[in-house]
Amino acid sequence: MKAKIIVMPRAEVLDPQGEAVRQGLASLGYDGVRHVRVGRYVELELDSTEDMTASATVQRMCEQLLANEVIEDFEFSVES
Amino acid sequence: MNVAVVTFPGSNCDDDCHYVCRSVFGATTIQVWHKEKSLPSGVDVVILPGGFSYGDYLRTGALARFSPIMEDVVRFAGRGGTVLGICNGFQILCEAGLLPGALIRNQSLRFICESVPVRVETTESQLTSALEKGRVLHIPIAHMDGNYFAKEDTVRGLEDSDQVLLRYCTSEGEVSDASNPNGSCANIAGIMNSGRNVFGMMPHPERASETPLSSIDGRELLAGLLGGSL
């Protein structure tokens, strides 16, 4: 099974990387970009063949390591 | 005084800490490899030094937090043992949940390496008990991710219970946006836990502990922890 995880800075956390990317886009002439946020995408391949078990495992992985919930939110999907 | 300095893969201030503890303060100092499962017996102070543990992969401090030695560091702290995290050590302590909040990318997106003024915010700590509140110390910072972030109520909690150790300020001691080098919430440069035995700071006191290094202000902080005469 494959898990696809997206980790993003929380809304209330300033994202200087996103702001720098927005400025970079503006300097390329893309003026219409109001807001950019930069996060992280993680793909995992799992031995598990059961959706429920895999989801529960990935949830724990995110909470324990892949995201820091003080500063980040995460979401994921699991597919075979 | 027995000090353990933990070395993670990628630590680069471990030798400096070891040197200062031993040579400046005369403390018995042991370097402990992160794969050890327990701290040496009789340790009084544990230092998590600066550096780039695990190459800062994922998030700063996120992987070091799972190094085998950390279980015993957490136990040691839980028993009231004194732990000091400097720079990457501070990041690791936050990731390990021993200190609240997190250190994120500097607002400028630049690595900052300079000596900065920081103001002593409390004297109710081992590190600062001999200093006056409001005293300005000049201590180097050297980091890419030193922007302290915590939720508003967490910051308020730290302030209400007098857990803020140091804030970035001007040379005159004024705390302002202009004197904030990295965007930290409330100019916070260092904090402690509610038990007042776990300390984290972005400035490097070990780099300001001997006269040839332009400032000896860091030595005054470490003296509170390590004792010995100045």
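The values are calculated or read from the model by the stated rules, or taken from the named source; none is laboratory data. It should be emphasised that the depicted structure is a prediction, and the values quoted were computed from it without experimental measurement. Note that we place each Cβ from the backbone using ideal geometry, even for glycine, and neighbour counts take in every protein chain shown.
Inside region B:9-119, counting only helices (runs of 4 or more DSSP H) that do not spill past its ends, which hold 3 or more residues that are out of contact with any Gly (no Cβ under 6 Å at 6 or more places or on another chain)? Give the derivation first.
On the way: elements: B:14-19, B:69-78, B:88-95.
In region B:9-119, the matching helices (runs of 4 or more DSSP H) lie at B:14-19, B:69-78.
Restricting attention to region B:183-206, does a residue exist that is of a type in the set (Gly, Ala, Ser) and without any contact (Cβ under 8 Å) to a residue 12 or more places away in the chain?
First pass over region B:183-206, keeping only residues of a type in the set (Gly, Ala, Ser): B:183-184, B:186, B:189-190, B:194-195, B:200.
Adding the requirement that they be without any contact (Cβ under 8 Å) to a residue 12 or more places away in the chain leaves none.
Among the residues of region B:183-206, not one is of a type in the set (Gly, Ala, Ser) and without any contact (Cβ under 8 Å) to a residue 12 or more places away in the chain, which makes the answer no.
Looking at A:Thr49, A:Thr57, which one is surrounded by 15 or more Cβ atoms within 10 Å (Cβ to Cβ), touching a Ser or Thr at 6+ places or on another chain (Cβ under 9 Å) and among the hydroxyl-bearing types (Ser, Thr, Tyr)? Steps first, please.
Values: A:Thr49 fails: surrounded by 15 or more Cβ atoms within 10 Å (Cβ to Cβ).
Unique residue meeting the criteria: A:Thr57.
Output the residues belonging to region B:95-126 that are under 22 Å from B:Leu221 (Cβ atoms) and among the acidic types (Asp, Glu). Quick ask: steps written out before the conclusion?
Pass one, region B:95-126, residues under 22 Å from B:Leu221 (Cβ atoms): B:96, B:98-101, B:103, B:112-126.
Residues satisfying the conditions are B:Glu114, B:Glu121, B:Glu124.
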Determine which single condition A:Asp15 fails, assuming it passes every other condition in (1) surrounded by 18 or more Cβ atoms within 10 Å (Cβ to Cβ); (2) closer than 28 Å to B:Asn106 by Cβ; (3) in contact (Cβ under 8 Å) with a residue 24 or more places away in the chain.
(3)
Criterion violated by B:Ser179 - all others in (1) of a type in the set (Ser, Thr, Tyr); (2) within 30 Å of A:Gln64 (Cα to Cα); (3) modelled with pLDDT of 95 or more satisfied
(2)
Quick test for you: out of B:Phe76, B:Phe8, pick the one residue that is in contact with a His (Cβ under 6 Å, 6 or more places away or on another chain), of a type outside the set (A, V, I, L, M) and in contact (Cβ under 8 Å) with a residue 24 or more places away in the chain.
B:Phe8
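Starting from residues that are charged (D, E, K, R) and not in a helix (DSSP H, G or I), keep the ones in region A:47-56 and report whichever is modelled with the highest pLDDT.
From region A:47-56, those charged (D, E, K, R) are A:47, A:50-51; that's our starting set.
Then keep just the ones that are not in a helix (DSSP H, G or I); that gives A:47, A:50.
Values: A:Asp47: 90, A:Glu50: 84.
Among those residues, the one meeting the criterion is A:Asp47.
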Quick check: anything in region B:53-65 at pLDDT 95 or above, surrounded by fewer than 19 Cβ atoms within 10 Å (Cβ to Cβ) and more than 14 Å from chain A (Cβ to nearest Cβ)?
no
Taking region A:17-46 on its own, how many of its residues are under 16 Å from the mean Cα position of the chain (by Cα), within 10 Å of another protein chain (Cβ to nearest Cβ) and assigned to a helix (DSSP H, G or I)?
1
